[in-house]
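Undergrad: I'd like to ask you about the structure that follows.
The values are calculated or read from the model by the stated rules, or taken from the named source; none is laboratory data. Every value quoted in this text rests on a predicted model; they were computed, and no experiment measured them. Neighbour counts are summed over all protein chains in view; Cβ atoms, including those assigned to glycine, are modelled from backbone coordinates with ideal geometry.
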Amino acid sequence: MPTTTTTMSWEEYQALDEDLGAEYIDGRAVVDPHPSRRHQHAIYELVSMLRAEATEPACVEAEWAWKPADDEFVPDVIVTEPTAEQARFTGTPLLVIEVLSPNRAHLVTKTSKYAQAGLPRYWVVDPDEETATAFALVDDVYEEVGLVHGTEEAEWGFGAGNVRIRPADLFD
């Protein structure tokens with residue numbers, strides 16, 4: 001099933017069923033097909049790892065909305081400083097992680113918008129290749145600062161601590 005986009009106002013978007021799993025990008029509701037079990041397993045492994053390794057107070061959530069400006073994204077994993085916000089996060093996260101799905105059409109747009117919003121850390125996990133790539137925002141552009149494959153292991157900072165990441169462990 002392909003990604004579906006529909007032009008609508010922010011008010012119309014807010015009236016949608018929250019279980020729809022849509023994002024609001026450039027004045028359009030963007031709905032992707034449901035993720036695979038492998039994709040979901042990686043998300044929950046990442047959330048568990050990050051929560052366990054946080055040395056500073058942090059909120060680590062799966063698929064929680066982030067509204068930095070006119071757009072609203074729903075990253076696979078989002079790490080923020082502690083917040084009382086419930087419906088959506090409106091500050092700047094410490095980290096966002098996207099687990100790739102077969103449909104990658106909006107990845108370039110989202111990456112560019114994440115940089116515009118000042119997101120300092122951004123990781124991309126590819127289930128097909130069993131890789132994890134870490135990016136850091138440098139002069140408003142993401143630079144690759146780490147890449148691990150399969151059973152390789154690296155330690156990366158996530159703004160509230162450090163975590164050892166080994167892609168193969170995300171998909172067991």
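Undergrad: Counting only residues that are of a type in the set (D, E, K, R) and more than 23 Å from Phe89 (Cβ to Cβ), which one in region 117-141 is surrounded by the fewest Cβ atoms within 10 Å (Cβ to Cβ)?
TA: So, considering only residues that are of a type in the set (D, E, K, R) and more than 23 Å from Phe89 (Cβ to Cβ), the one surrounded by the fewest Cβ atoms within 10 Å (Cβ to Cβ) is Asp139.
Undergrad: Residue pairs, Cβ under 7 Å, 6 or more apart or interchain, first in region 118-134 and touching a residue at least 24 places away in the same chain (Cβ under 8 Å) and within 12 Å of Asp76 (Cβ to Cβ), second among the charged types (D, E, K, R) and surrounded by 21 or more Cβ atoms within 10 Å (Cβ to Cβ). List them.
TA: Val124/Glu98
Undergrad: With Ala42, Ala29, Ala84 as the choices, which residue is assigned to a loop (DSSP other than H, G, I, E, B) and either surrounded by 15 or more Cβ atoms within 10 Å (Cβ to Cβ) or of a type in the set (A, V, I, L, M) (or both)?
TA: Of the residues listed, the single one that is assigned to a loop (DSSP other than H, G, I, E, B) and either surrounded by 15 or more Cβ atoms within 10 Å (Cβ to Cβ) or of a type in the set (A, V, I, L, M) (or both) is Ala84.
Undergrad: Also: Looking at (1) modelled with pLDDT under 95; (2) loosely packed, with under 13 Cβ neighbours inside 10 Å; (3) outside any helix (DSSP H, G or I), can you tell me which one Pro57 breaks?
TA: (1)
Undergrad: Does Leu94 satisfy the condition of being surrounded by 16 or more Cβ atoms within 10 Å (Cβ to Cβ), closer than 23 Å to Ala154 by Cβ, at pLDDT 95 or above and under 15 Å from the mean Cα position of the chain (by Cα)?
TA: Values: surrounded by 16 or more Cβ atoms within 10 Å (Cβ to Cβ): yes; closer than 23 Å to Ala154 by Cβ: yes; at pLDDT 95 or above: yes; under 15 Å from the mean Cα position of the chain (by Cα): yes.
Judged against the criteria, Leu94 is a match.
Undergrad: Further question: Output the number of residues of region 117-133 satisfying the condition of being of a type in the set (A, V, I, L, M, F, W, C) and closer than 25 Å to Arg37 by Cβ.
TA: Residues in region 117-133 being of a type in the set (A, V, I, L, M, F, W, C) and closer than 25 Å to Arg37 by Cβ: 4 in total.
Undergrad: Considering only region 45-54, how many residues are of a type in the set (Gly, Ala, Ser), in a helix (DSSP H, G or I) and touching a Gly at 6+ places or on another chain (Cβ under 6 Å)?
TA: Taking region 45-54 first, the residues of a type in the set (Gly, Ala, Ser) are 48, 52, 54.
Next, from what is left, pick out any that are in a helix (DSSP H, G or I): 48, 52.
Now restrict to residues that are touching a Gly at 6+ places or on another chain (Cβ under 6 Å): none.
So the answer is 0.
Undergrad: Between a residue in region 24-46 that is at positive phi and at pLDDT 85 or above and any residue that is surrounded by 18 or more Cβ atoms within 10 Å (Cβ to Cβ) and part of a helix (DSSP H, G or I), which pairs come within a Cβ distance under 7 Å, given they are 6 or more apart or on different chains?
TA: The qualifying pairs do not exist here.
Undergrad: Could I ask something else about it? Within region 104-129, how many residues are closer than 20 Å to Phe158 by Cα and assigned to a loop (DSSP other than H, G, I, E, B)?
TA: 4
Undergrad: In addition: Considering only region 137-145, I want to know if a residue exists there that is part of a strand (DSSP E or B) and touching a Lys or Arg at 6+ places or on another chain (Cβ under 7 Å).
TA: Within region 137-145, not a single residue is part of a strand (DSSP E or B) and touching a Lys or Arg at 6+ places or on another chain (Cβ under 7 Å).
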